[in-house]
Amino acid sequence: MELTDVLRRRRMVRNFTDDDVTEAAIDRILAAGRRAPSAGNTDGTELLLLQGDAVARYWDTTLPAPRRERFRWPGLLRAPVLVVPCTRATAYVERYAEADKARPGLGDSIDEWPVPYWHIDTGMAVMAMLLAVVDEGLGALFFGIFEHEDAVRAAFAIPETHQPIGTIAIGHPAPDEPGRSAGRPRRDPAAVIHRGRW
């Protein structure tokens, strides 16, 4: 598939079939995330892959039965694969304390970073995986963990040093109702792209 087609077709999917995703496709999607840019080649993003019983445990942790009965997108729970991208901020401090990257402050603490590149890099990995999903003929939804972060950490033994930034559900898309924001128009390019000056 051409990149322009992948970009055009990418959307958030909230309804999945019961069909499995092949291990080869999963490996290619995860590999795409690993190819994303990383400041200083820090490689500070790690991916928690959930399949089978682990997917059920995730939903039991974040969407227990009483809430599940009122959940707007029950087909989301059929996604056979979940990926929880995690970042480790201190990896960037450690990397920028090394001789080839030493820069005043950045190797001292995360508070010295004016922009949290650990979130940027993990976001790039997420986008690379979302595009790879489309290229595989599959669908995906990235969604936040929010108030469930501590419970997800505990359920899957995510170290305190790593922050999960959300979850990607992956599977074969089924017809679905677009999210509430899907109809919101994008701003005119002239209002977004500033050529030469603001």
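Laboratory data are not the source of any read-out in this text; all were calculated from the coordinates shown. Owing to the predicted nature of the structure, the values given are computational and were not obtained by experimental measurement. No Cβ is skipped: glycine too gets one built from the backbone with ideal geometry, and neighbour counts run over all protein chains shown.
In nm, to one decimal, how far is the V192 label point from the T90 one, both placed 7 Å along Cα→Cβ?
It works out to 3.8 nm between the two label points.
At a threshold of 8 angstrom on Cα-Cα distance, excluding pairs fewer than six apart, so keeping six or more, what relative contact order does the chain reach in percent? Walk me through the numbers on the way to the answer.
On the way: 291 pairs, mean separation 68.2, N = 198.
It comes to 34 percent, rounded to a whole number.
Among V84, A39, G196, whose Cα projects farthest towards the positive end of the dipole of the chain, with charges put on the beta-carbon of Lys, Arg (+1) and Asp, Glu (-1)?
G196
Per-residue ellipticity at 222 nm for the chain, helices alone: DSSP H runs ≥ 4 residues times -39500 (n - 2.57), over residue total, nearest 500 deg cm²/dmol?
-10000 deg cm²/dmol
What helices does the chain have that are whole DSSP H segments, at least 20 Å long along their own axis by Cα, and with mean Kyte-Doolittle hydropathy of 0.5 or more?
Within the chain the helices that satisfy the rule are 117-135.
Assuming R0 = 30 Å, what is the FRET efficiency of T61 and H119, from their Cβ-Cβ distance, to the nearest 0.05? Working shown, then result.
Details: r = 23 Å, r/R0 = 0.77.
Result of the calculation: an efficiency of 0.85.
So what are the three principal axis dimensions of the range 136-198 from its Cα atoms, in whole Å, longest to shortest?
Per principal axis, max minus min of the Cα coordinates gives 47, 36, 25 Å.
Report, in whole Å, the centroid distance computed from the Cα atoms of the range 33-59 and the range 11-28.
The range 33-59 and the range 11-28 have Cα centres separated by 15 Å.
Just to be sure I understand the model, the point goes 7 Å from the Cα along the line to the Cβ. What's the resulting E149 to D27 distance in nm?
Spacing of the two 7 Å Cα→Cβ label points: 3.4 nm.
Between F156 and F71, what length in nm is gained on full extension when 0.36 nm per residue of separation is reduced by their alpha carbon distance? Please report the intermediate quantities before stating the final value.
On the way: separation 85, 0.36 × 85 = 30.60 nm, distance 2.32 nm.
Residue separation times 0.36 nm, minus the Cα-Cα distance, leaves 28.3 nm.
Scan the range 87-176 for GluC sites (Glu not before Pro) in coil per DSSP, keeping those whose Cβ has at most 10 other Cβ atoms within 10 Å, and list them by number. Walk me through the numbers on the way to the answer.
Working: sites: E94, E98, E112, E136, E147, E149, E160; in loops: E98, E136, E160.
Passing both the DSSP loop test and the Cβ count: E160.
Checking the a/c ratio against 1.5 first, then a/b against b/c, what shape does the Cα gyration tensor give for the chain? Working shown, then result.
Working: a/c = 1.78, a/b = 1.29, b/c = 1.38.
Because a/c hits 1.5 or more and a/b fails to exceed b/c, the chain counts as oblate.
Could you work out how much longer the chain between A99 and N41 gets when fully extended? Use 0.36 nm per residue separation minus the Cα distance between them, nm to one decimal.
Numbers: separation 58, 0.36 × 58 = 20.88 nm, distance 1.39 nm.
In short, 19.5 nm is gained.
Okay, which of the range 15-36 sit inside 19 Å, backbone N to the point 7 Å along the Cα-Cβ direction of R78?
Flagged as within label range: 15-22.
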